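Heads up, the thing below is written out as C-alpha cells.
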Amino acid sequence: LGLSLPVGRTEEDPYKLGALGEKHQHIQFGSGTFHPAARLDYAWQPDRLGFDLSFGARLPFYENSNDYLGAGLLEFAAGPRARLGDGISASLHYVIAYQTRATWDGVSDPNTGYVQHAIALAVPVSLGRGVMLIPSVIRTIDIDTRGGGDSYEMDWSASLGFDVAMEKAPSIPSQ
C-alpha cells in the first residue's frame, strides 16, 4: 500500500490557455493530489525456477486546484523467475498496463489514456537487511491510445527501484 504526495507545482488547463492564445504546458509532472496506490504480488519459487504474478493500481479521487484529475493506472504482470545465486534473481514478465483518461474540469484530456503491452526484465539484488535494489528494462510491444492523441509513443524504458521489507514486530507469548 502506498500514497502519492503532491509536491512541486501543477499547470493550468492547457486547452483553455491555448484557446486564448496564451503560453501553456501540456506536460503534467504529477497530479497535485494525494491518491492511494496498492500492489499485490505473488511469487512461487520451489527451486531455482519459479513464477510471479502481480497486480497494481493507482487511482486519483479528486481534482487539484486547477480542476485537473490525474489519470489512474492499473497494471498486471506475470512470468518466470530464476534464482541466479545467493541474493540475486532475474524475472521476465509480460505486462499489461491500462491508464485511464485524465480530465480538465470534467473534460477528457485526449493526450492521456492508453493500453500498453510490454515485456519487462528485472534483476533484483539483495543488499541485506530486507533491502533490494531492482534494476529493470521494459520493451513496449504495443501501445494503444484508444483513439486519443498521437503524442504518446513508447519503445524502451529503464528504471532503478528499491524495495524495503517492513518487518513484523515479534509477538509476546501468552502465559
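The values are calculated or read from the model by the stated rules, or taken from the named source; none is laboratory data. Since the model is a prediction, treat every value here as computed from it, not as a measurement. Using ideal geometry, Cβ is built from the backbone for each residue, glycine included, and neighbour counts are taken over all protein chains shown. Areas reflect the complete protein model, heavy atoms only, side chains present, ligands, DNA and RNA absent. Shrake-Rupley method; radii C 1.70, N 1.55, O 1.52, S 1.80 Å.
Residues in the stretch 9-23 that are of a type outside the set (Gly, Ala, Ser) and either part of a loop (DSSP other than H, G, I, E, B) or open to solvent by 100 Å² or more (accessible area, probe 1.4 Å) (or both): ARG9, THR10, GLU11, GLU12, ASP13, LYS16, LEU20, GLU22, LYS23. The set of residues in the stretch 67-93 that are under 26 Å from GLY128 (Cα atoms), among the charged types (D, E, K, R) and surrounded by 14 or more Cβ atoms within 10 Å (Cβ to Cβ) comprises ARG81, ARG83. For the stretch 130-145, the condition of being at pLDDT below 90, surrounded by 16 or more Cβ atoms within 10 Å (Cβ to Cβ) and under 17 Å from LEU74 (Cβ atoms) holds for at least one residue. Among the conditions (1) of a type outside the set (S, T, N, Q); (2) in contact (Cβ under 8 Å) with a residue 60 or more places away in the chain; (3) open to solvent by 40 Å² or more (accessible area, probe 1.4 Å), ALA102 misses just one, which is (3).
Take the conditions (1) under 30 Å from TYR15 (Cα atoms); (2) open to solvent by 40 Å² or more (accessible area, probe 1.4 Å); (3) at pLDDT 85 or above; LEU127 misses just one of them, which is (1). Of the strands (runs of 3 or more DSSP E) lying entirely inside the stretch 82-146, the ones with 1 or more residues being within 30 Å of GLY32 (Cβ to Cβ) are found at 88-99, 114-122, 131-144.
Of note, HIS93 satisfies the criterion of being within 22 Å of ALA165 (Cβ to Cβ) and not polar (S, T, N, Q). Search the stretch 24-66 for residues being in a loop (DSSP other than H, G, I, E, B) and of a type in the set (Gly, Ala, Ser), and hand back the single one that is most open to solvent (accessible area, probe 1.4 Å). Only one residue tops the list, namely SER65.
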